[in-house]
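A quick write-up on the structure given underneath.
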Amino acid sequence: MNSDRPVALITGVSGQDGSYLSELLLAKGYQVHGMVACGHAPGHCPPEVVLHHGDLADGSNLGALLDAVRPHEVYNLAAQSHVQLSFEMPVYTANVAGLGVLRLLEAIRIHQARTGDAVRFYQASSSEMFGRAVETPQTERTPFHPRSPYACAKVFGYWQTVNYREAYGLFACNGILFNHESPRRGETFVTRKITRAAARIKLGLQHELRLGNLDASRDWGFAGDYVEAMWRMLQYDQPDDYVIATGCTHTVHDFLDAAFGRLDLDWTRHVQIDPLFLRPAEVDVLRGDATKARTQLGWQPRVAFDELVCMMTDADLQLAQREKRMET
Ligand code: GDD
């Protein structure tokens, strides 16, 4: 192992954010290690990333993994991150997204005490913690009101991270990230579900798109911009918690207009409302104020809503074209 290079360990490396963060850190000269849960494919993870098996639901090999990798920075991106699924699998979700954070923090605390290594820790906290938000826009001072098993688990992980900072002096930060999307977004999240369907409809590969609540409003940014904020948090003098957002909110309707409009399609002719995709409790509107990240970390989003929708729709059109070619 080259001791001159900074070493990072990313949990959940096979996900959208894991792939963008890996690329960013590799470009900065890091040696990047990634933890992949059982049964997960490496996804868009670059080949230079050293992969290790591990699962936050288990945790028994976390200490050995830290000893083997000796990371300077740990980014905890692993979770069961689908809000609707968390209503169907609340205990599993709480185990990974909530207790999993504690397992990792405790493993880092013990590893640091034993080796004397200084480890910086990033926790992927979520704007879902604001839930039925008491104010708009939401800042680092806005109280939490979680509305799903997923959001409750994230609140637990958030406070464990704060507590390890205060109790043990761990350099631990929460990034309270608002929704962030890209062509690599999982296909069951609403943005990707829409752009994938719009492209397939355009090419006659499907005709209908079934969705839930179209009135929900989200502050959607580009995942590639947001991983840069994660890295900046761990380079700052002091550990702290930051809202990462664009400051603009759009409804699912707006997203449909933009994506289908990009392909000259009228979504009202294709979208069906299906109660299957309605949640037992909904988060109606989220909009973040990232002033603290802008002033303290010098971070700001580069990709705006319209550009994001075009980027995703265009990428999915290419994917659908390949699919169509394979069909013929
Ligand atoms: N997934 C999905 N599928 N959502 C739908 C659908 C549908 O068919 N129809 C309407 N929606 C609405 C949801 O009810 C929600 O209000 C909104 O679209 C966004 O849903 P998702 O894309 O699933 O994202 P999310 O906001 O619930 O959660 C995402 O962002 C969080 C950050 O705020 C996830 O990435 C979380 O892991 C993340 O923490």
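The values are calculated or read from the model by the stated rules, or taken from the named source; none is laboratory data. A quick note: this is a predicted structure, and the numbers were derived from the prediction, not measured. Heads up, the Cβs are rebuilt from the backbone with ideal geometry, glycines too, and the neighbour counts pull from every protein chain shown. We work out accessible area using only protein heavy atoms, side chains counted, and drop any ligands, DNA or RNA first. Shrake-Rupley method; radii C 1.70, N 1.55, O 1.52, S 1.80 Å.
Structural remarks
- Residue that is modelled with the lowest pLDDT, among those in the range 56-74 that are in contact with a Gly (Cβ under 8 Å, 6 or more places away or on another chain) and within 30 Å of residue 148 (Cα to Cα): 59
- Single condition residue 210 does not satisfy, out of (1) more than 24 Å from residue 246 (Cα to Cα); (2) assigned to a loop (DSSP other than H, G, I, E, B); (3) within 10 Å of the ligand (Cβ to nearest atom): (2)
- Segments classed as strands (runs of 3 or more DSSP E), wholly inside the range 1-94, with at least 1 members that are farther than 25 Å from residue 155 by Cα and under 16 Å from the mean Cα position of the chain (by Cα): none
- Of all residues in the range 121-162, exactly one satisfies the criterion of being among the acidic types (Asp, Glu), away from the ligand (no atom under 12 Å from the Cβ) and out of contact with any strand residue (DSSP E or B) (no Cβ under 9 Å at 6 or more places or on another chain), namely 135.
- All told, residue 299 meets the bar of being under 22 Å from residue 16 (Cα atoms), aromatic (Phe, Trp, Tyr) and open to solvent by less than 40 Å² (accessible area, probe 1.4 Å).
- Taken over the range 33-48, the criterion of being within 25 Å of residue 179 (Cβ to Cβ) and either open to solvent by less than 30 Å² (accessible area, probe 1.4 Å) or touching an Asp or Glu at 6+ places or on another chain (Cβ under 8 Å) (or both) is satisfied by 34, 35, 36, 37, 45, 46.
- Test: residue in the range 57-66 that is within 16 Å of the ligand (Cβ to nearest atom) and either open to solvent by less than 30 Å² (accessible area, probe 1.4 Å) or among the small types (Gly, Ala, Ser) (or both): no
- Residue 221 meets all of the listed conditions (1) over 27 Å from residue 175 (Cα atoms); (2) buried (at least 19 other Cβ atoms within 10 Å of the Cβ) but one, namely (1).
- Members of the range 281-320 found to be within 16 Å of the ligand (Cβ to nearest atom) and part of a helix (DSSP H, G or I), listed by number: 293, 305, 308, 309, 312, 313, 316
- Number of residues in the range 59-76 that are of a type outside the set (A, V, I, L, M, F, W, C) and free of Cβ contacts under 8 Å to residues at least 40 places away in the same chain equals 2.
- Applying the set (1) surrounded by 14 or more Cβ atoms within 10 Å (Cβ to Cβ); (2) more than 16 Å from the ligand (Cβ to nearest atom) to residue 270 leaves exactly one unmet item: (2).
- Sole exception among (1) assigned to a helix (DSSP H, G or I); (2) more than 24 Å from residue 26 (Cα to Cα); (3) open to solvent by less than 30 Å² (accessible area, probe 1.4 Å) for residue 108, by number: (2)
- Flag for residue 161 being closer than 23 Å to residue 76 by Cβ, in a loop (DSSP other than H, G, I, E, B) and out of contact with any Gly (no Cβ under 8 Å at 6 or more places or on another chain): no
- Here the condition is being open to solvent by 10 Å² or more (accessible area, probe 1.4 Å), in a helix (DSSP H, G or I), away from the ligand (no atom under 14 Å from the Cβ) and of a type outside the set (Gly, Ala, Ser); of 257, 264, 237, it holds for 257 alone.
- Count - residues of the range 132-168 that are under 19 Å from the mean Cα position of the chain (by Cα) and not basic (Lys, Arg): 18
- Test: residue 144 is in contact (Cβ under 8 Å) with a residue 12 or more places away in the chain, crowded, with 16+ Cβ neighbours inside 10 Å, touching a His at 6+ places or on another chain (Cβ under 9 Å) and under 18 Å from residue 290 (Cβ atoms): no
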